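Take a look at the structure set out below.
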Amino acid sequence: MNTLMRLTVANIRSLVRDRAALFWTFFFPVMFVFLFGWIFGGSGDGKVAIGFVDQDNTPVSMGLQQAFSQVTLLTIQTGSLEAEKAAMQHGDISAIVVVPSGTGVAVAAKSATSIQLYIDPSSSQVSQVVEQIADQIASGFNLQLAGGSAVVGIQQMTLQSTNISTVAYLVPSILAMALMQLGVFAAIPLVQQREKGILKRIGATPLARWKLVGSNVLMRLMVAIVDAVVILGIGLIFFNVQIVGNLLAAAGLVLLGAGAFLAIGFALASFLKTEEQATGVVQVVQMPMMFLSGIFFSFDFLPGFLQTVARFMPLTYLADALRQVMVNGTQVAPLGVDVAILTGWLVVCLGIAARSFRWE
Amino acid sequence: MTQSGEPVIGVANLCKCYGDVKAVDGISFQVGRGEVFGLLGPNGAGKTTTIEILEGLREPDSGSVTVFGMDVTRHAPSIKQRIGVQLQTVSLYPRLTVTELLDLFGSFYAHHLPTKQLIDAVDLGERAKARSMNLSGGQQQRLSIALALVNDPELIFLDEPTTGLDPQARRSLWDLIKGLQGRGKSILMTTHYMEEAAELCDRVAIMDHGHILEMGTVPELIGRRFKERAVFFDTSPKLPVEQLGKLDGVTRAAVEDGQTVLYSRDVAGTIGALLGLTDQLNIDPHNLGIRQATLEDVFLDLTGRALRD
């Protein structure tokens, strides 16, 4: 086993044996996923929420509503068409069933009529499920009332759901937050080791310094991948957040993000002298990013001037890129711009660290 | 003492400045193969700068510095393979065990000793699986010495190896260092403790303000400065130093740590005169005693201050 791998193993052992570090790197983001998942998730049981709009108000429309309510996979909310459309656009519901006025009269006359089903074709899995359910209910209805002749048909409407569900929004965002903290917090042990003279003393051994840094980077990139698997796994298992995008692209983004924030951590460590300073400054850097980069609520909800501030924060772009690739999130910036900005931070901060980092 | 062949360390007219401060100001010394050489001096004397230049951690401003006959600035990598450095801060990884740390450090070098052998050499067998953060102060120092021995070095740098240890732990560490000396290792050490230097070092150099003030074996240094022995007793306000300086045989009188010390060429005469004086004043000199001058006295005489301040 070569020196770099031995050092990396030593780093991993140190992390695994350090309960406080374990808490911050793994349990803190996991806690956030559960906390916000439960707060915003609502249907954490894998159910699909749909809106039901009854414009008919006849026994027929009520019968239809009852039929939809009895499907265990669905949760039903009722309201006006406008309200339900808004809810769907916001991602609170995945489909809308509309029973237009006159349906009851048409069914009584056994003349053909149709109910409308609004779905978002871009979230194909959910759309298919809802379509099938609606088909079954319609044919069951036809069998019961009209002896099998197709009285009630389904008219498919599309409505672009411009927003993904809150939990689907949160899972990649919290992953971005975890990667940010993983990188930025790397400044603290570096400053600590320099302050204690450990970096200088290591310089008295033949160990090449890049290996010391490299092992630290390797360890943190591995942790980044583990973090991603754990957070996305919890999102999938407990909150049914599907990863729709290319997994390789997602992994690439996780590594790029972790790398960019590690570079920021190293650049910070170049200017900080004491451990107390480092702990303080790291918080000053990470706290505003955590709250302003659109992690816990959408970027659009920020007042204008804070949006401007957030546009300077690298976390905004990592979270945006991860949402785009993982859950088809609406973009703050095009994916290419996100990647370019993160790469820029990586290169510039690495340059600063390479120029300014002091070993003693 | 056991010098032979060319010196392992050769320093000539070494200078190193930090801004306007001359940390090391034209020092020269040599350390022979198998020799234990001590650098003594207060904080800020320039000891650490000197050691760090020898370890290849800093560049000298001027002067020549060689280790194993090689220039330290040009051959740092190959020198580092052959020297051992004791880390005052024990470990990069406080959560790794003694065994894991020794294995890791061993991998930094082209050749290294078996971990088991190192653990036995510093008598840490029972703590081999303990995390380094859980070791006692003495055990941590033992570990840091084991880490310095990982590559079976020919030359070992020990930077205040016993600072902060209780007397028993210090004694046992001294035995360990004497063992290294017995195996023919060359050692350059710094210390605050005169007793330690007297016990371990073949030769010492006393440094202050970047200069070497005095260099030689411990008996040489004492003999060069003090033909006298010292009469000492607890300082009393009724016995002013100025007056005591005029007693028979006294060459110099001083107050150190609450004790009055009279350096005397004629101890019998001085004690007689002192007791005559105390009889007159009707007081008893407490804790009266006689001793040889020590390295501590040499240092005080050279610099006008105690070493550990």
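The values are calculated or read from the model by the stated rules, or taken from the named source; none is laboratory data. This one's a predicted model, so the numbers in the text were calculated from it and none came from an experiment. All Cβ positions, glycine included, derive from the backbone under ideal geometry; neighbour counts span all protein chains shown.
Structure notes:
- Hey, A:Val184 more than 15 Å from A:Ala21 (Cα to Cα) and of a type in the set (A, V, I, L, M, F, W, C) or not: no
- All positions within segment A:112-127 that are surrounded by fewer than 20 Cβ atoms within 10 Å (Cβ to Cβ) and at pLDDT 80 or above: A:Ala112, A:Ser114, A:Gln116
- Unmet criterion (only one of (1) closer than 30 Å to A:Asn240 by Cβ; (2) among the hydrophobic types (A, V, I, L, M, F, W, C); (3) surrounded by fewer than 21 Cβ atoms within 10 Å (Cβ to Cβ); (4) modelled with pLDDT of 80 or more) for A:Leu143: (1)
- Flag if A:Ser298 is within 30 Å of A:Gln89 (Cα to Cα) and touching a helix residue (DSSP H, G or I) at 6+ places or on another chain (Cβ under 8 Å): yes
- Yes/no for A:Asn11 being within 14 Å of another protein chain (Cβ to nearest Cβ), surrounded by fewer than 17 Cβ atoms within 10 Å (Cβ to Cβ), within 26 Å of B:Pro94 (Cβ to Cβ) and among the polar types (S, T, N, Q): no
- Output for segment B:234-281, where each listed residue is in contact (Cβ under 8 Å) with a residue 24 or more places away in the chain, crowded, with 19+ Cβ neighbours inside 10 Å and in a strand (DSSP E or B): B:Thr260, B:Val261, B:Leu262, B:Tyr263, B:Ser264
- Residue selected from segment B:31-61 under the condition under 16 Å from the mean Cα position of the chain (by Cα) and either without any contact (Cβ under 8 Å) to a residue 24 or more places away in the chain or part of a loop (DSSP other than H, G, I, E, B) (or both), by the criterion surrounded by the most Cβ atoms within 10 Å (Cβ to Cβ): B:Gly41
- Test for A:Ser173: is it farther than 22 Å from A:Val348 by Cβ, buried (at least 20 other Cβ atoms within 10 Å of the Cβ), within 30 Å of the chain's Cα centre (by Cα) and within 14 Å of chain B (Cβ to nearest Cβ): no
- Any chance B:His192 is under 22 Å from B:Ser28 (Cα atoms), surrounded by fewer than 22 Cβ atoms within 10 Å (Cβ to Cβ) and at pLDDT below 85: yes
- Failed criterion for A:Lys85 (all others in (1) within 30 Å of A:Val167 (Cα to Cα); (2) within 14 Å of chain B (Cβ to nearest Cβ) hold): (2)
- Segment B:62-93: number of residues that are over 25 Å from the mean Cα position of the chain (by Cα), more than 8 Å from every other protein chain (Cβ to nearest Cβ) and in a loop (DSSP other than H, G, I, E, B): 3
- The residue that is farthest from the chain's Cα centre (by Cα), counting only those in segment A:272-286 that are surrounded by 16 or more Cβ atoms within 10 Å (Cβ to Cβ) and more than 16 Å from A:Lys196 (Cα to Cα), is A:Val281.
- Any hit, segment B:218-241, residues being of a type in the set (Ser, Thr, Tyr), in contact with a strand residue (DSSP E or B) (Cβ under 9 Å, 6 or more places away or on another chain), assigned by TED's automatic domain parsing to the domain that holds B:Phe37 and over 30 Å from B:Cys17 (Cβ atoms): no
- In segment B:98-117, residue surrounded by the fewest Cβ atoms within 10 Å (Cβ to Cβ) [restricted to those that are more than 7 Å from chain A (Cβ to nearest Cβ) and among the aliphatic types (A, V, I, L, M)]: B:Ala110
- Residues that are within 15 Å of B:Leu173 (Cα to Cα) and of a type outside the set (A, V, I, L, M) within segment B:100-147 comprise B:Asp120, B:Asp123, B:Ser136, B:Gly137, B:Gly138, B:Gln139, B:Gln140, B:Gln141, B:Arg142, B:Ser144, listed in sequence order.
- Some residue of segment A:196-205 being of a type in the set (Val, Ile, Thr) and modelled with pLDDT under 85: yes
- Residues that are among the charged types (D, E, K, R) and part of a helix (DSSP H, G or I) were ranked within segment A:196-225; the one that is nearest to the other protein chains (Cβ to nearest Cβ) is A:Arg201.
- One residue alone among B:Lys80, B:Lys47, B:Lys22 is under 30 Å from A:Arg17 (Cβ atoms), of a type in the set (Lys, Arg) and out of contact with any helix residue (DSSP H, G or I) (no Cβ under 7 Å at 6 or more places or on another chain), and that residue is B:Lys80.
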